[in-house]
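First comes the structure, then the notes that go with it.
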Amino acid sequence: MNHQLIKARDLHKYYAVKSGYLQPSKSLKALAGVSFDLYEGKTLAVVGESGCGKSTLARILTMIEEPTSGQLSIDGIDVAKTTEKSIKKQLRQTVQMVFQDPFGSLNPRQKIGNIIQEPLTINTNLSTNERHQKVLEMMELVGLRKEYFQRYPHMFSGGQRQRIAIARALILKPKVVVLDEPVSALDVSIQAQVINLLIELQQELGLAYIFISHDLNVVRHISDEVMVMYLGKPVEQGPSEAVFNTPQHPYTQALLSATPQAVVDGKRQRIKLTGELPSPIDPPSGCAFNPRCQYADKDCQIIEPVMELYGDSKVSCLAVAQQRIGQLKAS
Amino acid sequence: MALLEISNLTVDFATYTGSLRAVDGINLSVDEREILAIVGESGSGKSVAMLALMGLLPWTAKVSADSMLFDGQDLLSMNDKQRRKIIGKDISMIFQEPMTSLNPCFTVGYQITEVLSHHFGGSRRSYNNRAIELLHQVGIPAAETRLNAYPHQLSGGMCQRVMIAMMIACQPKLLIADEPTTALDVTIQAQILELLIELQQSHGMALILITHDMAVVAETAEQVIVLYAGQQVEQRSVKELFKSPQHPYSEALLNALPERAQGKLLNPIPGVVPGQMDRPKGCLFNPRCSYAQELCRQQPPELQDGILCHYPLVAPKPDLDVRTQ
């Protein structure tokens with residue numbers, strides 16, 4: 001068994017939302033019970049619509065924010081229980097992040113070299129020459145030429161910028177990289193370049209990825225394990241193959257059937273999802289998915305389902321538990 | 001006769017560093033009730049070509065074409081006033097970012113009725129009723145109350161529906177959708193695409209769909225034009241293109257998709273789209289093309305049967321004798 005890098009148990013994150021003068025503030029449940037394990041060299045993909053808590057999860061894992069409740073261990077150390085600053089600093093270096101928009105995440109006034117070496121300046125006591133050397137090594141690793149060191153971000157295309165962002169994330173030798181929609185702003189041909197780079201880096205450095213995306217075709221290709229989230233909760237979680245070939249939760253089935261396929265022969269049966277994601281401030285009672293679910297009945301409006309193992313993957317659905325569901329044909 | 005016929009459309013932008021050719025000789029024709037997709041990477045000129053058709057380009061742009069006929073009328077020779085009668089009424093366009101293409105200072109109802117009052121006139125009550133009807137048509141629940149909502153009160157999918165309602169308000173003959181779903185989630189994307197096709201069929205519109213997503217093309221369109229660096233490299237029916245692409249760029253685009261990968265690594269197209277300064281000699285795609293020959297590096301190809309290539313691929317596999325070096 002590989003080394004366990006992240007262990008998350010029942011993570012919750014609530015934000016207080018003001019609802020008006022003299023009104024009690026409400027809580028927005030951005031995350032409502034997320035558990036998973038992440039091992040060395042593996043990729044966990046987190047998928048779901050916008051507003052389902054993917055990015056909140058990323059912020060908690062990178063220790064930008066603290067969970068309201070639940071247990072999070074990074075590299076065997078419980079984050080909530082450590083008070084010592086040096087250990088926390090160490091943990092922050094273990095988990096690094098690549099952001100979605102390569103045009104917004106690089107400072108336009110800094111040279112590429114400075115952008116990549118900034119984490120070193122802050123976290124290590126290396127000399128200027130050593131830092132310079134490390135940056136050049138890293139630039140070579142992600143496929144950037146040496147002479148780019150003195151250039152500014154505006155001189156680069158989207159794909160190159162994402163390489164710069166990846167170099168910056170990797171310079172502290174992290175064990176886990178959180179990738180928040182790393183390729184969704186890129187063209188197909190460039191997207192393939194960046195995905196290949198990520199796969200190669202993972203094999204070379206034994207990195208673990210948390211891959212946040214809404215593009216299921218990309219997720220299917222890159223992930224070992226998938227977690228489908230809906231309104232702050234995982235609804236289906238399991239090995240990539242199982243989730244994609246035999247999706248069990250109605251929401252997973254709908255997501256898969258909504259994803260366009262680059263195949264022209266024959267029209268596929270599409271499950272229509274009506275409506276949009278309900279507000280996380282007052283989620284529907286019972287199963288959060290019940291207003292949009294085609295299998296929902298009275299029980300679903302009252303009883304909140306729990307994650308249970310069916311086949312290879314864990315599913316939280318009453319319809320699955322009561323076997324009232326037809327399976328979507330594997331595509 | 002085709003509804004829209006454009007031949008040899010060229011758009012040049014005057015920049016500080018000289019003239020930039022964003023669109024280079026595009027020919028297209030759209031019949032009534034047809035869905036045409038235009039695909040290409042960013043910077044391939046797909047939006048600029050359509051903006052040129054709408055007459056929405058800034059003054060730095062110089063548009064020229066051999067002909068630009070819409071429903072038998074020549075768009076190039078008419079003056080701005082005549083053109084405005086067609087644009088927005090018979091041809092309308094949906095833009096990429098629904099949140100930014102609606103005016104945040106006005107209610108949704110005002111923005112929809114503005115179109116109606118501009119093109120038809122009539123009483124306020126009549127077009128308020130029409131606006132409610134339109135919102136119903138695009139599937140917005142509680143349409144009466146939504147008329148008074150501001151764009152920030154609606155989600156991205158809702159805003160896009162409002163945009164669509166606005167654009168079909170005058171029952172256009174041609175609807176241009178510029179990446180209508182790129183900013184949306186997959187489930188909402190599916191809803192919006194379905195809505196567009198439903199409206200296209202019920203209203204008998206022609207639809208031009210601009211996208212970079214090959215999967216969206218496969219699921220919706222009938223005809224497709226592939227653009228690269230402002231040039232039209234391949235034009236065919238969608239079925240044929242997906243079965244046997246004939247231009248190496250179309251083939252490379254399809255092969256770059258994750259679902260077509262063999263093994264763990266994908267097949268990217270090396271390099272990037274050439275810009276203003278680094279335009280290669282000969283065929284524009286030659287530095288990135290895996291089949292490029294000496295002729296490709298020297299001489300620009302000419303359009304033959306809708307394909308811009310010296311050595312078009314032969315179905316189903318390229319003729320290896322000609323191509324291997």
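Checked against the criterion of being more than 12 Å from chain B (Cβ to nearest Cβ), at pLDDT 90 or above and more than 26 Å from B:H212 (Cα to Cα), the candidates A:Q237, A:Q203 yield just one match: A:Q237.
Scan the helices (runs of 4 or more DSSP H) fully inside the range B:212-325 and keep the ones with 1 or more residues being polar (S, T, N, Q).
On the way: elements: B:214-220, B:238-243, B:248-255, B:294-298, B:320-323.
Once the helices (runs of 4 or more DSSP H) in the range B:212-325 are filtered for at least 1 residues that are polar (S, T, N, Q), what remains is B:214-220, B:248-255, B:294-298.
Taking (1) surrounded by fewer than 23 Cβ atoms within 10 Å (Cβ to Cβ); (2) touching a residue at least 12 places away in the same chain (Cβ under 8 Å); (3) not polar (S, T, N, Q) in turn, A:V226 satisfies each apart from (1). Among the residues of the range A:171-188, the ones that are over 17 Å from the mean Cα position of the chain (by Cα) and either over 23 Å from A:V47 (Cβ atoms) or of a type in the set (K, R) (or both) come to 3 in all.
The set of residues in the range B:207-241 being of a type in the set (G, A, S) and either surrounded by 24 or more Cβ atoms within 10 Å (Cβ to Cβ) or under 22 Å from B:G25 (Cβ atoms) (or both) consists of B:A221, B:A229, B:G230, B:S237.
Inspect all residues belonging to the range B:39-46 and state whether any of them is assigned to a strand (DSSP E or B), over 17 Å from the mean Cα position of the chain (by Cα) and either loosely packed, with under 15 Cβ neighbours inside 10 Å or among the hydrophobic types (A, V, I, L, M, F, W, C) (or both). Before the answer, list the steps.
Taking the range B:39-46 first, the residues assigned to a strand (DSSP E or B) are B:39.
Applying the additional criterion that residues be over 17 Å from the mean Cα position of the chain (by Cα) yields none.
No, every residue in the range B:39-46 fails to be assigned to a strand (DSSP E or B), over 17 Å from the mean Cα position of the chain (by Cα) and either loosely packed, with under 15 Cβ neighbours inside 10 Å or among the hydrophobic types (A, V, I, L, M, F, W, C) (or both).
Taking the criterion of being surrounded by fewer than 17 Cβ atoms within 10 Å (Cβ to Cβ), outside any strand (DSSP E or B) and not hydroxyl-bearing (S, T, Y), the residues of the range B:58-82 that qualify are B:P58, B:W59, B:D66, B:D71, B:G72, B:L76, B:M78, B:N79, B:D80, B:K81, B:Q82. Output the residues belonging to the range B:242-251 that are within 11 Å of chain A (Cβ to nearest Cβ) and crowded, with 23+ Cβ neighbours inside 10 Å. Answer for the range B:242-251, where residues must be within 11 Å of chain A (Cβ to nearest Cβ) and crowded, with 23+ Cβ neighbours inside 10 Å: just B:Y249. Within the range B:145-197, how many residues turn out to be within 14 Å of chain A (Cβ to nearest Cβ), within 27 Å of A:C293 (Cα to Cα) and not aliphatic (A, V, I, L, M)? Result for the range B:145-197: 16. For the range B:115-141, a tally of residues being among the hydroxyl-bearing types (S, T, Y) and either touching a residue at least 40 places away in the same chain (Cβ under 8 Å) or buried (at least 20 other Cβ atoms within 10 Å of the Cβ) (or both) returns 1.
Tell me which residues, restricted to the range B:215-239, are touching a Phe, Trp or Tyr at 6+ places or on another chain (Cβ under 8 Å) and at the interface with chain A (Cβ under 8 Å from one of its Cβ atoms). The one that is touching a Phe, Trp or Tyr at 6+ places or on another chain (Cβ under 8 Å) and at the interface with chain A (Cβ under 8 Å from one of its Cβ atoms): B:A218.
Restricting attention to the range A:182-200, the residues that are surrounded by 20 or more Cβ atoms within 10 Å (Cβ to Cβ) and either more than 14 Å from chain B (Cβ to nearest Cβ) or closer than 20 Å to B:H212 by Cα (or both) total 13.
The values are calculated or read from the model by the stated rules, or taken from the named source; none is laboratory data. Fair warning: this is a prediction, and the values are worked out from it, not measured in the lab. Quick reminder, even Gly has a Cβ in these numbers, built from the backbone with ideal geometry, and neighbours come from all protein chains shown.
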